[in-house]
């Protein structure tokens, strides 16, 4: 029996793990062990996803919550290393670009356990972002690198990775694949289920293509009072000046900052604006349902940018750069950062001239099957 350890910690990783866990079930000679670092500790940001997506509960769960970047990563590294020494897996799977990703990759590579990095090659070219540092280091600790896009492959080649797959495969001679996006697998798989089970539209009397969905969670936005104020002012502007209904699920980090002294007045304005619907963090099925039915999406989330594309919704990116450059090139998304004038201009552009071209740049929803098959080949 071959043993694979999957490391998750944040909401998007739990969702991605659902797709690969389904694919692993097709290979009974492989045992998957799930390690949850506890990076997202809010019930609606983590545990509810295991229940809703029918993912096996974690075999190991830590409570490594909050704290500075280095301290959080260090705690994860210590705990993950103990699990790896006890379980002695054949391979470790990590996703994306969080501190959980980095800690898993470092712990495994130092123990000479092959690392699989899903979402390899993504670059924002902004090393001030902790996520950028995490994804670069993780790629260089990995033996199997699965990139969702051709741009990701090009980024890896520029950093010295070979895509020719010649010779013995190891951390020094890794395998690089263009596999499509595992998030698309889940979006397709769960969209029908969401339409049947989610009550979010009727609960809040939302009509198809008659509201804007917005998400904000990155610490580079939430923890900077000037940036957070600018973004919230943009939402207030769309709601009042343009009479748009805005659904705004509040990430725990965003809510925490809005409750601080310098933001309390801003939070009160949000609460008092009738066109803005503030909610707690939503389940994945509710988010899928909202994304499918929104007229436009405004977000600083990398995952939500892609989901907007899957469901053919124009996207305003509240960041100065994106790792999903193809979306901007295709003009289905516009980079606005948190600037009120740019956000309003992008909104007006999308309303008057919505994008029509959404080619299958992220594959066709078979990424998890491909990844599982290649892992099986590698371990056989």
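In bins 10 Å wide, starting from 0, what share of all Cα pairs of the stretch 7-160 does each bin hold, as a percent? All Cα pairs considered, the percentages come to 11, 42, 37, 10, 0. Based on the Cβ-Cβ distance of residue 349 and residue 111, what FRET efficiency does E = 1/(1 + (r/R0)^6) give at R0 = 35 Å, to the nearest 0.05? E(calc), rounded to 0.05, equals 0.10.
Normalised by residue number, the volume inside the convex hull of the Cα atoms of the stretch 135-252 is 183 Å³ per residue.
Say we join alpha carbon atoms closer than 10 Å with springs in a Gaussian network model of the chain; which of 113, 334, 351 then has the biggest fluctuation? Maximum fluctuation in the GNM of the chain, among the listed residues, is at 351. The label point for residue 71 and the one for residue 255, both projected 7 Å from the Cα toward the Cβ, are 2.3 nm apart.
Dividing the summed -39500 (n - 2.57) terms of all DSSP H runs of n ≥ 4 by the residue count of the chain sets its mean residue ellipticity at 222 nm at -14000 deg cm²/dmol.
Between residue 191 and residue 233, full extension at 0.36 nm per residue minus the direct alpha carbon distance yields a gain of 11.9 nm. Between the stretch 227-254 and the stretch 351-380, the alpha-carbon centres lie 31 Å apart. Multiplying the residue separation of residue 164 and residue 1 by 0.36 nm and removing their Cα-Cα distance gives an extension gain of 55.7 nm. Springs between alpha-carbon atoms under 10 Å, Gaussian network over the chain: tell me which of 188, 235, 290 tops the mean-square fluctuations. Highest fluctuation of the listed residues: 188. Note on the chain: with a GNM built from Cα contacts shorter than 10 Å, the maximum mean-square fluctuation among 115, 247, 94 falls on 247.
Any chance you could run the full-extension gain for residue 219 through residue 278? It's 0.36 nm times the residue separation minus the Cα-Cα distance, nm to one decimal. Write out the running numbers ahead of the final one.
On the way: separation 59, 0.36 × 59 = 21.24 nm, distance 1.94 nm.
Once the chain is fully extended between residue 219 and residue 278, it gains 19.3 nm.
Would you kindly give the portion of the calculated P(r) for the chain that falls above 38 Å, as a percent of all Cα pairs?
16 percent
Calculate how large, on average over all directions, the projected area of the Cα convex hull of the stretch 294-380 is; give the answer in nm² to one decimal.
Numbers: hull surface 25.8 nm².
Mean shadow area of the hull around the Cα atoms is 6.4 nm².
Computed from Cα atoms, the angle from the helix 130-140 axis to the main principal axis of the chain rounds to 20 degrees.
So for the stretch 198-352, averaging the separation of alpha carbon pairs under 8 Å that are six or more residues apart and normalising by length, what relative contact order in percent results? All intermediate terms of the calculation are to be shown ahead of the outcome.
Numbers: 240 pairs, mean separation 40.5, N = 155.
That works out to 26 percent.
Report the calculated FRET efficiency for residue 78 and residue 226 (r = Cβ-Cβ distance, R0 = 45 Å), to the nearest 0.05.
Given R0 = 45 Å and the Cβ-Cβ separation, E is 0.80.
According to the Kirkwood expression over distinct Cα-Cα pairs, how big is the hydrodynamic radius of the stretch 198-352, in Å?
Working: mean 1/r = 0.0651 Å⁻¹.
Computed over Cα pairs of the stretch 198-352, the Kirkwood hydrodynamic radius comes out at 15.4 Å.
Each principal axis of the stretch 238-280 carries a Cα extent, and these read 28, 19, 12 Å when sorted largest first.
Rounded to the nearest 0.05, what FRET efficiency do residue 240 and residue 128 have when you use their Cβ-Cβ distance and R0 = 35 Å? Write down the numbers at each step before the final one.
On the way: r = 33 Å, r/R0 = 0.93.
The computed FRET efficiency comes out at 0.60.
When only alpha carbons are used to place a centre, the stretch 20-40 and the stretch 130-147 end up 20 Å from one another.
A short reminder: the numbers here are calculations on the coordinates, not readings from a lab. Everything numeric in this text was worked out from a predicted model, so none of it was measured. Cβ sites come from the backbone with ideal geometry, for glycine too, and all protein chains shown count toward neighbours.
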